[in-house]
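Q: Structure below; questions to follow.
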Amino acid sequence: MHILAASLSGFRNLHDDAFEFSPRVNLVLGRNGEGKTNFLEALNYFALGRSHRGSRNEDLIGFHADALHVHLDVAGEDGAPFTCDYGIDRGGDRRFRLDGELVTRRSDLVGKLVTVFFNPESSQLVRGGPQFRRQYLDQGQAEIDPEYLRDLGSFQRALKQKAALLRDLRRGIADGRETRREVKAWNRELARCAATVCLGRREQAGLLEPFAQLSHNNMLDKDLKLEMIYRPRLESVRGFLASQPEIPGAKNDLAEEICREIDYITELEIKRGRPLAGPQFDDLEVRLDGVDLRGFGSQGETRTAAIALILARSDVLFQKRRIRPVLFLDDIFSELDRDRSHRLQDMASREHQLFIATARSDDVAGRLPGDPRTWSVESGRLRRQS
Ligand SMILES: Nc1ncnc2c1ncn2[C@@H]1O[C@H](COP(=O)(O)OP(=O)(O)OP(=O)(O)O)[C@@H](O)[C@H]1O
Ligand SMILES: [Mg+2]
């Protein structure tokens with residue numbers, strides 16, 4: 001899919017204006033602090049239903065504006081156009097419209113405009129804590145499996161409930177016997193959902209790995225082995241996956257085993273006042289030629305691997321749902337050597353609409369395929385260069 005055009009008003013430091021984009025490569029150049037990231041953020045906000053930087057909604061409104069409004073014309077995967085609108089007021093009021101119709105539930109936005117955003121922080125996917133990798137697996141699997149999305153949500157809610165009960169028990173606020181029974185009931189619900197989550201994460205890692213390996217080696221122009229190994233924390237899940245059962249009903253069997261494992265440590269959980277076992281502690285190990293990149297990768301290596309992982313998600317999405325997301329690359333070339341940068345640009349632009357923002361125009365000079373459309377940004381005003 002691709003964004004055909006946009007009009008913006010009241011967004012951060014950006015001047016109110018309208019733009020038409022290339023379906024292939026769009027380049028935003030400018031010095032630090034001029035508004036490049038703001039521009040990509042404005043284009044990406046609808047897809048996520050929030051700022052990719054985690055900013056508060058109100059902070060997106062220009063210092064001198066009362067409200068912001070962004071309109072996007074998008075061509076869907078089948079070529080059929082649709083429009084996306086969002087607006088935010090100073091009062092905190094926020095509206096999303098799809099083809100002019102008000103959308104009230106955030107879940108109804110999911111999967112309409114699909115984007116992938118890559119910036120220097122994305123390297124956290126490989127270098128950062130396990131929560132980044134869990135989220136990565138979860139988002140990928142949720143995009144292709146509605147049951148996963150549902151059970152993951154139920155799991156997170158059940159975990160919160162259980163954590164609250166454990167806290168109350170520890171503080172002596174709750175009635176011991178009754179609350180213990182409730183905790184056990186939550187364990188059953190947690191185990192049911194955890195079975196979906198763990199099997200889904202394993203499936204997602206398996207789907208991603210060959211694509212990640214391919215993108216990675218294309219970027220390097222070398223043949224290295226990139227592995228993505230799902231590391232569940234629960235003993236029962238490890239045993240279950242090692243025995244590789246793919247039979248129907250396997251999920252129920254797994255749920256029972258998980259429930260036994262969680263029940264077994266519940267007394268200890270009550271003593272500590274928090275949940276101690278479950279997929280909330282899982283990880284995904286990324287290995288390059290047998291070496292764990294989290295511990296040993298260089299900056300360039302981890303960034304390259306993180307890009308490969310993210311491109312792999314786009315490939316899985318295409319394999320399963322025939323959707324090619326719009327790709328945003330914000331300032332990511334600085335840690336990559338020139339050859340890697342160029343191969344990445346070639347590769348990514350072959351299959352995605354690309355938006356590239358950079359402060360260093362020589363990172364992309366003379367290299368971009370197709371007919372890149374270029375803007376330069378100064379104090380929030382974008383001027384078309386080509
Ligand atoms: N709500 C807002 N209203 C007006 N200006 C804002 C608002 N929020 C941020 N800014 C300004 O936007 C500028 C930052 O823009 P942005 O992050 O897009 O820069 P950039 O071009 O990506 O720079 P860099 O190359 O350093 O990443 C800052 O000068 C900041 O003060
Ligand atoms: Mg920036």
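Q: Would you give the gap between the C-alpha center of region 147-202 and the C-alpha center of region 317-386, rounded to a whole Å?
A: If you average the Cα positions of each part, the centres end up 43 Å apart.
Q: What are the ³J(HN,Hα) values, in whole Hz, obtained from phi via the Karplus relation 6.51 cos²θ - 1.76 cosθ + 1.60 with θ = phi - 60°, for each residue of region 148-156 in sequence order, with x given for Gly and Pro?
A: Along region 148-156, the couplings run 5, 4, 5, 5, 5, x, 5, 4, 5 Hz.
Q: So what are the ³J(HN,Hα) numbers for region 188-193, from phi and the Karplus equation (6.51, -1.76, 1.60; θ = phi - 60°), rounded to whole Hz, Gly and Pro as x?
A: 5, 5, 4, 5, 4, 6
Q: Continuing with the same structure: Under unit Cβ charges (Lys, Arg +1; Asp, Glu -1), what dipole magnitude, rounded to 20 debye, does the chain have relative to its Cα centre?
A: It comes to approximately 960 debye.
Q: Let me check I have the definition right: for the chain, take the eigenvalues of the Cα gyration tensor, multiply each by 5, take square roots. What are those semi-axes in whole Å, largest first?
A: Taking √(5λ) for each eigenvalue gives 40, 26, 19 Å, largest first.
Q: Relative to the first principal axis of the alpha-carbon coordinates of the chain, what is the inclination of helix 299-321, with its axis defined by its Cα atoms, in degrees from 0 to 90 and to the nearest 10?
A: Its long axis makes an angle of about 80 degrees.
Q: Give the long-range amide H neighbours of residue 356: residues separated by 5 or more places, or on another chain, with amide H under 5 Å away, using H modelled in the peptide plane at 1.01 Å from N.
A: Hits under the 5 Å cutoff: 26, 27, 28, 329.
Q: A further question follows. If one takes the longest principal axis of the Cα atoms in the chain, at what angle in degrees, from 0 to 90 and to the nearest 10, does the Cα axis of helix 130-144 lie?
A: The angle comes out near 80 degrees.
Q: Label-point separation (nm) for residue 108 and residue 321, each offset 7 Å from Cα along Cα-to-Cβ?
A: Placing both labels 7 Å beyond Cα along the Cβ direction yields 1.7 nm.
Q: Taking neighbour Cβ counts within 10 Å as the exposure measure, how do 228, 347, 1 sort from fewest upward?
A: With the sparsest Cβ surroundings first, the list reads 347, 1, 228.
Q: How large are Rg and Dmax for region 229-319 when calculated on the C-alpha trace, in angstrom?
A: 17.3, 47
Q: Quick check on the exposure proxy: order 134, 56 from fewest to most C-beta atoms within 10 angstrom.
A: Taking fewest neighbouring Cβ atoms as first place, the list is 56, 134.
Q: I'd like the orientation of helix 338-351 relative to the chain: the angle between its Cα long axis and the longest Cα principal axis, in ° from 0 to 90, rounded to 10.
A: Relative to the chain, helix 338-351 is tipped by roughly 80 degrees.
Q: I need the calculated FRET efficiency for the pair residue 218 and residue 267, taking r as the beta carbon distance and R₀ as 51 Å, to the nearest 0.05.
A: In this case the efficiency is close to 0.50.
Q: Quick one: net charge around residue 170, please, counting Lys, Arg +1 and Asp, Glu -1 for every other residue with C-beta under 11 Å from its C-beta.
A: +3
Q: Quick check on the exposure proxy: order 21, 39, 355, 296 from fewest to most C-beta atoms within 10 angstrom.
A: By the 10 Å Cβ count, ascending, the order reads 296, 21, 355, 39.
Q: Restricting things to alpha carbons, tell me how big region 185-287 is in terms of Rg and Dmax, in Å.
A: In Å, with Rg to one decimal and Dmax whole: 16.5, 54.
Q: Considering Cα pairs under 8 angstrom that are at least six residues apart, work out the relative contact order of the chain and quote it in whole percent.
A: For the chain, the relative contact order is 27 percent.
Q: Hey, for a label at residue 83 modelled as a point 7 Å past Cα toward Cβ, could you say which residues of region 6-32 have their backbone N under 20 Å away?
A: Residues 6-11, 16-22 qualify, since their backbone N sits under 20 Å from the label point.
Q: Separate question: What nm distance separates the two modelled labels at residue 281 and residue 101, each placed 7 Å from Cα along Cα→Cβ?
A: 4.6
Q: Note down the net charge around residue 117, summing +1 for each Lys or Arg and -1 for each Asp or Glu among other residues with Cβ under 14 Å from its Cβ.
A: Summing Lys/Arg as +1 and Asp/Glu as -1 gives 0.
Q: To the nearest µm²/s, what D does Stokes-Einstein give for region 104-224 at 20 °C and 1.002 mPa s, using the Kirkwood radius over alpha carbon pairs as Rh?
A: The diffusion coefficient I find is 124 µm²/s.
Q: Separation of region 251-309 and region 28-53 by C-alpha centroid, Å?
A: 32
Q: Just to verify a number: FRET efficiency for residue 5 and residue 177, C-beta to C-beta distance, R0 = 45 Å, to 0.05?
A: The pair residue 5/residue 177 has a calculated efficiency of 0.10.
Each reported figure results from applying straightforward, stated rules to the coordinates on display, with no laboratory input. From a predicted model like this one, the values you see are computed outputs, not experimental measurements. Note: ideal-geometry Cβ built from the backbone for every residue, glycine included; neighbour counts use all protein chains shown.
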